[in-house]
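Remarks on the structure that follows.
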Amino acid sequence: MNESFLSSFRAARAPRLTTLRLFLVLVLLDVPLDGVHLVAQQAQTNAASSCARCHAAQAGPQPDTPMGRGMQWPDANPLFKSHPQLSFRKGPYTYTVETKGNQTLYSVTDGTRTISLPIQWSFGKGGQTWLFERDGNLYESMVSYYPSIDGLEITTGDSVLTPQNLDEAVGRKLRKTEPKDCFGCHSTGAVSMGKLDLEKLEPGVTCEHCHAGANAHMVASFQGEAYGTAPPDLKGLSSEDISTFCGQCHRTWEMVVRSNWRGEINVRFQPYRLANSKCFDGTDPRISCIACHDPHKDLVREDSFYDAKCLACHASRDESANLSAHTVAHRDAKPCTVASASCVSCHMPKVKLPNGLMTFHDHEIRIVKPGAPYPD
Amino acid sequence: MGGVKQVLFGDVNFRPKEDARSVVSIKSRPWRVCVLLILAFFAFFTPAWFPKATGQIAPRQNDLIAQASAARMQNDIPRAIELYSRAVQANPKWPDGWWFLGSLQYGTGAYVPARDALSHYIELIPKGGPAFALRGLCEFETGEYTQALGDIQHGISLGAANEARNEQILRYHEALLQTRLGNYTSALKMYSIFAKNGITNPELIAAIGLAGLRMPLLPKDVGMEQQSLVSATGDAAYRFLAGDEASAARAFQELFQRFPTTPNVHFLYGYLLFATDPDAALPEFQQELKIAPANADADVMTAWGLLLHNSGAEALPYAQRAAEQKPALPSAQLVLGRSLMETGDLKEGMLHLERARQIEPNNLEVHLALATAYSKSGRKEDARCERILSLQLSSSKGATPDHP
């Protein structure tokens, strides 16, 4: 595998499309240019729908996936429409998230003083954390919305903070380079050559985010030059490279080890967990992020959906009847002696984050022994 | 032994309420006494660290010991030294005698005999952390820098730095020695603890400047012509290490203007920026290479910065030059291995990573890279071994503060 090929994928987080070219695309797509904000909002959907003319199976459903909606403008955030008034109290501080018209205000009060700020960016589709600007600095909201409780709670990771005053209670001031990481993963085009430029961002993960050159390819295809301008095909990557690619946002194995993020909190970092699995093989396409998940579609939550993925390696003789000849020929791992269905329910158990508000399937595939501690 | 503390602390000018923000001066006698007293305190009041003394004391020798003790209490140090010398000659297996002799000799500046006396003590009490630390301080004074560093570090590992002021003294000397021996980044890491705690004085600033400029000197050895460069560099770096990045940025810009062609100034700023803002650090390393094209460390850091940008092809020439200039530098082999991996030469990349592992077996970055390389090349079991090793090494260094 040619590594410069991989490098071109990784550069996807650095957008290639200039604002001018984006406008050109939108003009070509006959998008009304009545304001930059609206244009930017519509860019994702229109760009994707344009891609969908040729790549319907991928670009059609992708914009509504959790990645596609990894970031939303407040005025296009369905949560604010369905929950115009959210509130939460922690110690002496009361937080409210109130939507009136197209504006959502994030407020915190200690009973005597109140700080209110307009929410500028919503991160996440289901669970949401908000970012806002204050005195020239970017802040992460101290509280987030969690679907599991249909309400607000302290933002994951911030429970260790103990605000000493109202100003500190507003939220966590982002570290110098943190905004690049946040916007780099939750939006497209915000980071270019290591620099953050919020004027250029498109909300969420768009085609261009992973397929660097997709927008240019789209423009070229309108000019009859579709062939030869297509971005490199990600399917050619090895399992290890796929993990590294997805891990740019979902955290790579190296990132987690380097930072020594241990404990249940790292169950969120699937590439790390998967690489720790005994069965992980960086060259075997049967065990990779995209072997089980189609990033263009919503996550499949039925355990049974994944049985075939496990049986691709672990099928017994009896189970082989339902599998393809290729799979049967290559199955080489021990079959399970207990069951042949709902494999993930035992071997990839659900683990709650320490705050108890979010649950993830552990991607460290293993034989789970009763009472054994979480292998971090 | 019960009265030792009272005696020791009663007969010298101990200054426990001295401003904690001033760091020890290696030249100052009161501080030397302070070192002595703190270590003595640890030596005699933490018996868990010390096996029980085994030397048998003959009845007639008790008189000699009593006289030596009395001389010490009366601050008649020369006589106390003479009497302890006679006592240990009569009974060389009396560890306390060697300790008193060594520590009193250290207090008078007789570093060579002090070192030797402490060596006798260590032979009898091999887990005596304070004795190792004090012997290290003797060796620091006699110019035996490699031995001094080893003894101080061993002393610390045996608990000689368990008390805050003790730790300050020993860590400061350890950092001075790291600089003197060319381990500049280790020294800067230690100085950052002082800066974060707001501890400062001109000697510390000069020491930071030396580590930053990668000059293998002690502050006392800086010539007049270099003092302004060293102190201005130390001041800029101190501000950064103390967390005042805005003020440090201004200080560094001023430094660049005053010393536009001085090597390592841009490298230092890049090094400091790298941990929190590698994008901002990269131009500093590149500027350093314009001033000092043979700076292999700047080549390494430039390559590393480019690798973080997923620019393996751009990183490769820097990495190759670093490895050519300093083939024994593990980080040079590491970035070369990484760059080769990123540009498609996995096999050659692994060879350089394995070379880096051979030079520095406990380098986490090398094991991380090898785990990925083995995994990509289908060496599943080797990859797994490297992953396990990496996890062990990472556990030993603790979590980073920016937990997600």
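Spacing of the modelled spin labels on B:Q227 and A:R53, each 7 Å from Cα toward Cβ, amounts to 7.6 nm. Amide hydrogen proximity for A:A190: with H placed 1.01 Å from N in the peptide plane, the residues at 5 or more positions away or on another chain lying under 5 Å are A:E202.
Write down Rg/Rh for the stretch B:145-227, rounded to two decimals, with Rg from the C-alpha atoms and Rh from the Kirkwood relation over Cα pairs.
0.97
Averaged over the residues of A:256-268, the number of partner chain Cβ atoms lying within 10 Å of the residue Cβ comes to 4.
For the stretch A:109-222, dividing the convex hull volume of the Cα atoms by the residue count gives 137 Å³ per residue. Using R0 = 41 Å, the C-beta based FRET efficiency linking A:D110 and A:D197 works out to 0.70. Across peptide A:188-200, the average count of Cβ atoms from other chains found within 10 Å of a residue's Cβ is 1.
Within straight-line reach of A:K200, meaning a Cα separation under 18 Å, sit the following lysines at least 8 residues removed in sequence or on another chain: A:K180.
At a Förster radius of 41 Å, what calculated FRET efficiency corresponds to the Cβ-Cβ distance of B:Q257 and A:R134, to the nearest 0.05? About 0.75, to the nearest 0.05. Could you name the lysines whose alpha carbon sits less than 22 Å from that of B:K196, not counting residues in the same chain fewer than 8 places away? In chain and number order, the partners are A:K173, A:K176, B:K17, B:K397. Summary of packing: across the peptides B:102-110, A:73-81, A:111-119, B:296-304, the per-residue average of other C-beta atoms within 10 Å ranks them, highest first, as B:296-304, B:102-110, A:73-81, A:111-119.
The Cα-based radius of gyration of the stretch B:80-198, divided by its Kirkwood radius, gives an Rg/Rh of 1.03. Model label sites at B:L351 and A:K278, defined 7 Å from Cα along the beta-carbon direction, differ in position by 3.6 nm.
Other protein chain C-beta atoms within 10 Å of residue C-beta, averaged over B:367-378: 5. With contacts taken as Cα pairs under 8 Å at a separation of at least 6 residues, the stretch B:234-303 carries a relative contact order of 23 percent. So for the pair A:V368, B:A328, with labels modelled 7 Å out along Cα→Cβ, what separation do we get in nm? Simple spin-label model gives 5.2 nm for this pair.
Laboratory data are not the source of any read-out in this text; all were calculated from the coordinates shown. Predicted model only: the values in this text are computed from it and were never measured. Note that each Cβ is placed from the backbone with ideal geometry, even for glycine, and that neighbours are counted across all protein chains shown.
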